[in-house]
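Below is one structure, written out as structure tokens; comments come after it.
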Amino acid sequence: MSRRRTFESLTEAAVAVLETAPADAKADLSRAVAAMWRDGSIAEIGAARPPDRPARPARPRLLMPRDMPRRRGGGPAKRIAFLHAIAHIELNAIDLAWDLIARFAGPALPREFHDDWVRVADEEARHFSLLAGLLEDAGTAYGDLPAHDGLWEAACETADDILARIAIVPMVLEARGLDTAPGAIERLGRAGDEASVRVLEIIARDEETHVGFGVKWFDRLCAERGLDPADTFRELVRSRFKGALKPPFAEAARERAGFPKSYYEPLAAGL
Ligand SMILES: [Fe+2]
Ligand SMILES: [Fe+2]
């Protein structure tokens, strides 16, 4: 994007990212807005209403999870399907970060809150672009395969309450990414796919920070409301998240993110 857009406020810019449909343009604008927030060219937080659903490109075709093609066997097709699925998750993560900001940001929250989630939005955009680059190197592109429709459900289920949003998005869904990353990195390493390993290692490291921001703001908001964070987390997961949490958990990575076992372990399937 050569022409630099200007924005009156962070929330106005957040809505602009949400309303950008082409995937590359959404990722580029996400990074540009983060840079404008850091250098002070966006200073106000403002107030804006995010769309119910973010704009998305015409491709990929979005399918219900049950209609998604099964990935069988190995080889390049499986690798591409895996990278495409992660790219789709990262594109969704860009929208989730800006939706959190547009929906819940405001004068009641400190500068640090906004800094943290802008950083998340910046990093999710970087993740998307790194994966899009890997797909391009493999002679394909984001959009060439169908993708999972339904990732935005968590946003809809938690649109009314910042505590619910933080419990479900960073503390359940992104924490789940911490659990699955080591296995994926190992598999790609065994296949000699060093380029993908490097990208997934960057993503896994950043996602620890995102989960950590989730826990930090969840705890602070619970303290403000006089709520016990571990109990409140479990209540919100039970009421707002379909399904149980799946062990095994990457306890070391969760620990580095400051996420105590006592919050999530009692929710594990089969316990
Ligand atoms: Fe990410
Ligand atoms: Fe993330």
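Taken together, the values in this text are just the output of simple stated rules run on the coordinates, not laboratory data. Only a predicted model underlies this, so the values are computations on that prediction, with no experimental measurement involved. So basically every Cβ, Gly included, is an ideal-geometry build from the backbone, and we count neighbours across all protein chains shown.
Amide H contacts under 5 Å for A105: none, restricted to partners 5 or more places along the chain or on a different chain, H placed in the peptide plane at 1.01 Å from N. Measuring how big the chain is from its alpha-carbon positions, Rg and Dmax come out at 18.3, 55 Å. Coupling constants for region 90-97 follow from the phi torsions by the Karplus curve (6.51 cos²θ - 1.76 cosθ + 1.60, θ = phi - 60°), and in residue order they are 5, 4, 4, 5, 4, 5, 4, 5 Hz; glycine and proline get x. Using θ = phi - 60° in the Karplus curve 6.51 cos²θ - 1.76 cosθ + 1.60, the 3J(HN,Hα) couplings for region 114-131 round to 5, 4, 4, 7, 5, 4, 4, 4, 5, 5, 4, 5, 5, 4, 4, 5, 4, 5 Hz; x is entered for Gly and Pro. Short to long, the 10 Å bins of the Cα pair-distance histogram for region 179-271 hold 15, 39, 31, 13, 3, 0 percent of all pairs.
Region 167-196 and region 28-69 have their alpha-carbon centroids 23 Å apart.
Residues in region 188-202 carry Karplus couplings, in order, of 5, x, 4, 7, x, 8, 5, 5, 5, 4, 4, 5, 5, 5, 4 Hz; the curve used is 6.51 cos²θ - 1.76 cosθ + 1.60 with θ = phi - 60°, and Gly or Pro positions show x.
Over region 126-215, the hull volume per residue, using the convex hull of the C-alpha atoms, is 105 Å³. Residues whose amide H lies under 5 Å from that of L245, counting only those 5 or more places away or on a different chain, are A269; hydrogens are built 1.01 Å from N in the peptide plane. Estimated from helices alone, the mean residue ellipticity of the chain at 222 nm is -20000 deg cm²/dmol (sum of -39500 (n - 2.57) over DSSP H runs with n ≥ 4, per residue).
Among E124, E251, E174, E194, the ranking by other beta carbons within 10 Å of each residue's beta carbon, starting with the fewest, stands as E194, E251, E174, E124. Shape analysis of region 3-109 yields a ratio of the Cα radius of gyration to the Kirkwood radius, Rg/Rh, of 1.08. When peptides 131-137, 207-213 are sorted by average Cβ neighbour count within 10 Å, with the highest value leading, the order is 207-213, 131-137.
For K216, the lysines whose Cα falls under 23 Å of its own Cα, not counting residues fewer than eight places away in the same chain, are K246, K261.
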